[in-house]
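The values are calculated or read from the model by the stated rules, or taken from the named source; none is laboratory data. The structure displayed is predicted, hence computed values, not measured ones. No Cβ is skipped: glycine too gets one built from the backbone with ideal geometry, and neighbour counts run over all protein chains shown. Areas reflect the complete protein model, heavy atoms only, side chains present, ligands, DNA and RNA absent. Shrake-Rupley method; radii C 1.70, N 1.55, O 1.52, S 1.80 Å.
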Amino acid sequence: MLKLIARDCMGKVLKVRTKHGEMLTPTFFPVINPNKLTITPKEIKKEFRWNEIITNAYIIWKNEDLKGKVEEKGLHKFLDFDGVIFTDSGAYQIWQYGDVEITNEQTVEFQKRIGSDIGTFLDVPMPHTIPISEAKKGVRLTIERAKECKSLVNNKTLWVATVQGSVYKHLVSKCAKELRKLDFDYYACGTLKVATDEWRFKEQIDYLITTKRIVPAGKPFHFWGLGHPTTFALFVALGCDSFDLSLIHI
């Protein structure tokens, strides 16, 4: 699945094999809204020679017409894209709206069914302002859902475990240690709203370094929502392998 090509600082060049081909890190995943294809995935590959994208499984699942078409054709045929497709479980919508209508089991099974190359379970995103009592609940639920995901997954999709805990280092450490035990294919840090939007790098760096000290060094690592090009060099040097362009939606 993985081949290390080069290293520098905490960063690395990795060749990651998925069922729809290989990708080379560090990289980013342009965000595709399946309801609004301003530019199509096929055009992204043709015009920019980009081989990986990310889309939202929950948005597809919630739209009955869209869901039926994707289940019938498979995600790659529906989007007319033969590269690597990463899917978000709907966790971001938890932060946006407070809750989602899909369960953890449903989103994991749905991503398997539609053929995601890289999939995610329903972790609990946290802003940097969250009270510690709520952060504790979110970490506990994230760990429970990670365990459920591992009981459901197949060996075709690469599964991402996102470490949560906000700015509370002891909670981040606890979550990272539990997720490390589960041996996921890919690890991640979540979007630390509102710090991400305000370019508050100290909180992001502390969160990342706390996590990276614990999760397996050889596994690919994603940082959700940290998708502005000016941040790439710093966070690649700190050990991130991939990003999604949440600030520049396509």
If every Lys and Arg gets +1 and every Asp and Glu gets -1 at its Cβ, then about the Cα centre the chain yields a dipole, in debye to the nearest 20, of 800
What is the Cα coordinate range of the stretch 132-231 on the first, second and third principal axes, sorted by size from largest, in whole angstrom?
38, 33, 20
What net charge is computed for the residues neighbouring residue 212, neighbours being all others with C-beta under 12 Å from the C-beta of residue 212, Lys and Arg scored +1, Asp and Glu -1?
+2
Projected onto the charge dipole of the chain (unit charges on the beta-carbon of Lys, Arg, Asp and Glu, signs +1, +1, -1, -1), the Cα from 32, 114, 220 with the largest positive-side position is that of 220
Residues of the stretch 195-245: accessible area per residue at 1.4 Å, in Å²?
36
Of the listed peptides 159-168, 145-154, what is their order by residue-averaged count of other C-beta atoms within 10 Å, with the highest listed first?
159-168, 145-154
Residue 145: net charge of surrounding residues, Cβ under 11 Å, Lys/Arg +1, Asp/Glu -1, itself excluded?
-1
Which percent of the accessible area of the stretch 160-228 is formed by carbon and sulfur heavy atoms (probe 1.4 angstrom)?
53
Quick check for me: using +1 on Lys/Arg Cβ and -1 on Asp/Glu Cβ, what's the dipole size of the stretch 27-175 about its Cα centre, in debye to the nearest 20?
380
By accessible area with a 1.4 Å probe, ligands and nucleic acids excluded, highest first: order of 180, 140:
140, 180
Accessible solvent surface per residue of the stretch 53-96, calculated while the other protein chains remain in place, 1.4 angstrom probe, Å²
41
In the full protein assembly as shown, how much of residue 126 is accessible to a 1.4 Å probe, in Å² to the nearest 10?
0
Might you report the magnitude of the Cβ-based charge dipole of the stretch 101-250 about its Cα centre, with Lys and Arg at +1 and Asp and Glu at -1, to the nearest 20 debye?
560
Out of these labelled values of Rg and Dmax of the Cα atoms in Å, (i) 21.9, 72; (ii) 17.2, 53; (iii) 16.7, 48, which was calculated from the coordinates shown here?
(iii)
Could you tally the net charge around residue 109, taking each other residue with its Cβ under 14 Å from the Cβ of residue 109, Lys/Arg +1 and Asp/Glu -1?
+3
